[in-house]
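Below is one structure; the comments refer to it alone.
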Amino acid sequence: MFTFLRRGFFLVALSFAMAVSAAIPERWFADKAALEPGVTKAEIYHALPKRHHPIAELPAVLAPAFKTRPTDLTIFVGEAYFVDHCLNHHPDVPDAIYRRLDEILAAPEEIILDRREGRDAIILSKTIDSRLYLLVLRHYPPQLVYKTLFPADKARPYPALPRWSATPCQPTQQTP
């Protein structure tokens with residue numbers, strides 16, 4: 001009986017860990033590596049799946065940062081979009097950084113609100129290996145979507161945009 005309960009507890013814990021851990025599928029990195037430099041967006045979208053897949057879970061404490069609070073905290077992205085973005089927009093981001101999405105989500109250094117042009121997005125900043133990276137998540141109800149991950153070119157990116165803190169649950173405007 002004790003072994004059965006222990007095994008059940010282990011399976012529940014494993015399922016929980018898998019559900020909250022950010023994970024870009026390794027196959028996507030292999031598909032990205034197999035493509036030739038200079039491959040176009042159209043070629044990528046023709047060759048790779050476009051359907052959205054879950055890659056991470058937004059910590060519940062960050063949900064109120066969105067203009068419209070998401071009810072499903074699962075973050076989605078399509079393989080073709082992800083690979084195109086890596087190759088054609090941010091080739092300077094090493095694969096190792098994408099594998100650390102869970103660190104950015106779990107403990108961002110700053111949470112920036114992006115409401116420009118009607119957006120409902122948050123930008124999470126995190127220094128990894130001595131470089132500041134920005135992870136952008138957009139809310140297209142009902143889905144949360146990975147938009148991009150890139151290195152910041154300034155120590156304090158987007159100084160005019162408001163910052164958000166979990167306590168109090170209000171956006172705050174900081175002066176540059």
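The values are calculated or read from the model by the stated rules, or taken from the named source; none is laboratory data. Keep in mind that this is a model prediction, so the values were computed, not measured. Glycine gets a Cβ as well: all are built from the backbone with ideal geometry, and neighbour counts include every protein chain shown.
Checked against (1) within 13 Å of the chain's Cα centre (by Cα); (2) free of Cβ contacts under 8 Å to residues at least 60 places away in the same chain; (3) closer than 14 Å to LEU137 by Cβ, ALA107 meets all criteria but (3).
Residues in region 115-130 that are among the basic types (Lys, Arg) and either within 11 Å of THR148 (Cα to Cα) or under 17 Å from the mean Cα position of the chain (by Cα) (or both): ARG119, LYS126. All of HIS85, HIS53, HIS89 fail the test of being of a type outside the set (A, V, I, L, M, F, W, C) and touching a Pro at 6+ places or on another chain (Cβ under 8 Å), apart from HIS53. For region 21-56, the candidate set comprises residues that are without any contact (Cβ under 8 Å) to a residue 60 or more places away in the chain and of a type in the set (Ser, Thr, Tyr); within that set, the residue that is nearest to ILE75 (Cα to Cα) is TYR45. Residue by residue through region 19-74, note down the ones that are among the basic types (Lys, Arg), surrounded by fewer than 16 Cβ atoms within 10 Å (Cβ to Cβ) and in contact with a helix residue (DSSP H, G or I) (Cβ under 7 Å, 6 or more places away or on another chain). Across region 19-74, the qualifying residues are LYS41, LYS50, ARG69.
Collect the residues in region 36-48 that are assigned to a loop (DSSP other than H, G, I, E, B) and either at pLDDT 95 or above or under 17 Å from the mean Cα position of the chain (by Cα) (or both), keeping them in residue-number order. Hits for region 36-48 are VAL39, THR40, LEU48. Among the residues of region 141-150, are any modelled with pLDDT of 95 or more, basic (Lys, Arg) and assigned to a loop (DSSP other than H, G, I, E, B)? No: zero hits. The set of residues in region 79-94 being out of contact with any Cys (no Cβ under 8 Å at 6 or more places or on another chain) and surrounded by fewer than 18 Cβ atoms within 10 Å (Cβ to Cβ) consists of ASN88, HIS89, HIS90, PRO91, ASP92, PRO94.
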